[in-house]
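One structure is given below, encoded as structure tokens.
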Amino acid sequence: MRPARISTRRRAVGLIILLVLLPVAIGMSLRAGAQMRDFDTARKQYIASEQSIHEKNFPQAIERLEEAVRLCPDLKAAWDSLAWCYRATEQKEKGYDALQRGMRALPQVGELPRTLGLMYLLDQKHELALVELDKAARIDPTDPMTPRLRARAQKELDAYKRSKAP
């Protein structure tokens, strides 16, 4: 029995498919490699920021953390640390903004709205704290910290309202 011959037309179609798909596959591979390098660089920046935080060099930590979240927005710990570093340098609004940016990048992570709720609570912004803590509870109903923080925020808000009542 003779081996089946591939027609010239089939060879041409196969070659066209190869020429079309090969650059796509190479592009995907290059993007994956770049993403891995970005992740590695972001991780190194995050680790370096932890040293800066330990040394209480918050401006340097902020630079490193901003670079880390720019390269890899999926690093939830970097968003959290960035917000606390801004807070440590009396830049509370930037801390709130960092957490909100993190929440846009990682909408499925309940820790970020919980941290934002805690920051609002520390700043006596009880109603905003309750909104964020409710968000955190919806995202991660198993987190034991969120209900405690929410109860504290509600208690403080009620006490504030009673103190302002005639």
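No value in this document is a laboratory result; all are computed from the given coordinates. Not measured: the values here are computed from a predicted model. We place every Cβ from the backbone using ideal geometry, glycine too, and count neighbours over all the protein chains shown.
With the simple model of a label 7 Å out from the Cα in the direction of the Cβ, Arg37 to Ala88 spans 3.1 nm. Legend: residue pairs Lys135/Lys155; Lys56/Lys125; Lys135/Lys164; Lys94/Lys161; Lys76/Lys161; Lys56/Lys76, Cα-Cα distance threshold 30 Å; pairs beyond threshold, Lys76/Lys161. Under the criterion of Cα pairs below 8 Å and six or more residues apart, the relative contact order for segment 57-143 equals 21 percent. The stretch between Tyr160 and Ala77, if pulled fully straight at 0.36 nm per residue, gains 26.6 nm over its current Cα-Cα span. Ranked for footprinting exposure by Cβ neighbours inside 10 Å, fewest first, Ser52, Ser81 give Ser52, Ser81. Look at His54, His126 and count the other Cβ atoms within 10 Å of each Cβ; fewest to most, that gives His54, His126.
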